[in-house]
1. State the extension gain, in nm to one decimal, for the chain segment bounded by His648 and Val308, taking 0.36 nm per residue of separation less the distance between their alpha-carbons.
2. Could you work out the mean projected area of the convex hull around the alpha carbons of the range 139-179, in square nanometres to one decimal?
3. What aspartates and glutamates sit close enough to Lys694 to cross-link, taking a C-alpha to C-alpha distance under 17 Å and skipping anything fewer than 8 places away on the same chain?
4. At 1.4 Å probe size, what's the solvent-accessible area of Met596? Round to the nearest 10 Å².
5. Based on the Kirkwood radius over alpha-carbon pairs, what value in µm²/s does the Stokes-Einstein equation return for the translational diffusion coefficient of the range 289-334 at 4 °C and 1.567 mPa s?
6. Lys181: which lysines have alpha carbons under 30 Å from its alpha carbon, excluding same-chain residues fewer than 8 sequence positions away?
7. Counting helices only, and only those DSSP H runs with n ≥ 4, report the 222 nm mean residue ellipticity of the chain as the sum of -39,500 (n - 2.57) divided by its residues, in deg cm²/dmol to the nearest 500.
8. Counting only C-alpha contacts under 8 Å and six or more residues apart, can you give the relative contact order of the range 35-84 as a whole percent?
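The values are calculated or read from the model by the stated rules, or taken from the named source; none is laboratory data. Computed from a prediction, not measured in an experiment: that's the story for all the values here. In this analysis, Cβ positions are derived from the backbone assuming ideal geometry, glycine residues included, and neighbour counts consider all displayed protein chains. Note: accessible area is taken over every heavy atom of the protein model, side chains too, but ligands, DNA and RNA are not part of it. Shrake-Rupley method; radii C 1.70, N 1.55, O 1.52, S 1.80 Å.
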Amino acid sequence: MTDDTSRAPDQFEAENLDTPSIPADLPLLPLRDTVLFPNSFMPLAVAREASVRLIDEATATGRMIGVFTQREAGTEEPLQEDLYSIGTATHIHKMFKLPDGSLRLIVQGLARIRLDGVILTHPYLRGAVSAAEEVLRDEDHLEIDALQRNIKSNFQQVVSLSPLLSDDLQALAANITDPGKLADFIASSLTTIGTAVKQEVLDTLDIRARMDSLNRLLIKELEVLELGSKIQSQVQSEVGKNQREYFLREQLKAIQKELGEGDEQAKEIDELRSKIDAAGMPESVKKETLRELDRLSKMPVAAAEYTVSRTYLDWIVALPWSRRTEDSIDLKRTKGVLDADHSGLEKVKDRVLEYLAVRKLNPDVKGPILCFLGPPGVGKTSLAKSIANAIGRKFVRVSLGGMRDEAEIRGHRRTYIGALPGQIIQGLRRAESKNPVFILDEIDKLGADFRGDPASALLEVLDPEQNNSFRDHYLDVPFDLSQVLFLTTANVMDPIPPALRDRMEVLELAGYTEEEKLKIAVEHLIEKQIRNQGLTPEQVEFTVPAIASVIRNYTREAGVRNLEREIGALCRKVARRRAEGDETKVVITPETVNEMLGAPVFLDEEIENRTKDPGVAVGLAWTPAGGEVLFVEASRMQGAGSLTLTGHLGDVMKESARTALSWFRTNAARYGVDPSFYKDSEIHLHVPSGAIPKDGPSAGVTMMTALASELTGRPVRGDIAMTGEITLSGRVLPVGGIKEKVLAARRHGIKEVILPRQNEKNIREDLTEELRRELTIHYVQEIEEVVAIALLPSSEQTHTGLPPLHGGVQPTVN
């Protein structure tokens, strides 16, 4: 085996050296990937057994061998066809034997030779050779001279640009005048050209053609080196600039350290980077955040954009990407907490416990969107807070009342001055947890204008199938809201858009009964107000009859807000007495209540007084604040057959009045009234509290009863109230808000109520057994039943019992 890995020539023979005589045959040494040129020195490594024997015999005889390059370097035992036809007659100057048996040679190329044939192949190659004469024509003299100058010039530039070539080669090339030897020297010196190209130069015997070929190689090599030099220069310039900046920064840090100062911006960047790593963001969010941090690190602190970018990063690292509170799901404890905080509201509590039970069995279940619907003061917001306490979650409340800008929900884009995230993201930052109880208060009070519709923006927030990738306009990265327990509150459902209503599970919270209010006052309100007014339980004591008097005579409401205010007023009266020096303990009794709060606001006998004359009936109405008692007055006078309606009535209510009149005219004879009474009469229906708008079909039976009372001259019973829609055929249809209406009747001391039969299920579901026992409820299907129950007999002016019914129809009493 023959190798050559360091092939640069060590010397070059003098030009006047005579060409040696070439024997007719020579031992042949094949070379791999190496071309030996005449007049050049080269080290060779010989390891193949046949080649080693060849060298041993050659050194013992004449030290001249023929060196030929293999066409394929992988050929182990080359023959004539495996060798190039032009090689070099070579003299062995030195030989070194190594311990492994291989040889190291220093050889000198003498002259080109041609391989005429192989004589022997064993024990080594030996072939017939002849001198390969170079061709130099006289007519090529000028062209060769020009080529020689160009080659020397180009070679000097190649040497100066190439880091692999020694500068001494320029001087050696400049001293060679023979064109053939110059071409061989330069070709042997170029380390970047391949074996095949070098062999092509060796094969070219025409000196002009050889120099022309070499000149082209030098020009190509020069172009490559110049391009490489240009690229290297650019790279070094960039690297030099970066290194310069790095060194300057390091020097600045060292100077600041010596002065006791720090690079505040670098500290901020490092601090933000550590916060980003610790935040537990999703990979896509982290990538975007790091990109923004990289922008920030390149900005000067004085830039206007710096504060915007810094604020954005502060917001995004402060969000609870991975922080959550573990649910404490103990159903017995939760029920105890809810019962202790709120009296009644069993349906709502059961729904919350059902959700927790499901979550205990399946922790990955998506939270429901619950909407607490009810009048003011019944505890919707406080119930949501109790739920958060019961399950061990953080609590966030956002009031939506009056909100008109969509950006309040989704946030402003960062291009605006003073932009901030929306209330949803702000609430999560305040909670420092990704799974808080999040209450959206007063969702029915949302508005809309040219800035957008917040209700539409809530569609994504309140949809468990979509809110796992909620994208706030300010953050512009997705945030998972699927683990948030959203609760909403509303007084009425009508203003809520249908699409938003469809995403919520509505739980109605009706008003409290008198007993429930009394319990709430004793267990919660009294203690709270005593503490708020700076008193102690040893200084003031409330009796149960006093609280009942406040509930019955001073506060008729669905909730307990006014009750709490009145208790607070009583406590303030006591606080003033003590501040004036009266240290006597005060016991609040009904008499004390009258003394401190003045005359009762509501009187029970008012209804009896207002219904003692014919034409006045007591109805029940629903309002956003709960149920209310409604009076309807009817009057007949001389006229030309007209119906007058007053009291700020809506279209539906006016139509109910006309329906009632039409039904009574149809059935007037059954009640002893002339069917033609309407020809010379004017009927006037009035609903007091004329400043308050009123509408709805549920006052139909009340208007019918008032008309019947006025036209028959029979007064309406003063202890009965009614509600229900009527038809021309005399049917009584069901209405809504039954519990609120019944509780309103009870607050006013009314013991009997007329309801449509189809509302019986509402009574059984919404009213307690105790409350049902206290009230007498008449379920009716026909208007005749209402008239028979509600009107006193013509001979009676006061209620003495149920009157006999026309047509044998008996009411159903529960």
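1. 116.9 nm
2. 2.8 nm²
3. Asp494, Glu628, Glu633, Asp651, Glu655, Glu725, Glu740
4. 20 Å²
5. Diffusion coefficient, whole number: 97 µm²/s.
6. Counting by Cα, and skipping residues close in sequence, Lys181 has these lysines nearby: Lys94, Lys152, Lys198, Lys220.
7. Roughly -13000 deg cm²/dmol at 222 nm, from the helical runs in the chain.
8. Details: 20 pairs, mean separation 14.2, N = 50.
With pairs under 8 Å counted, the relative contact order is 28 percent.
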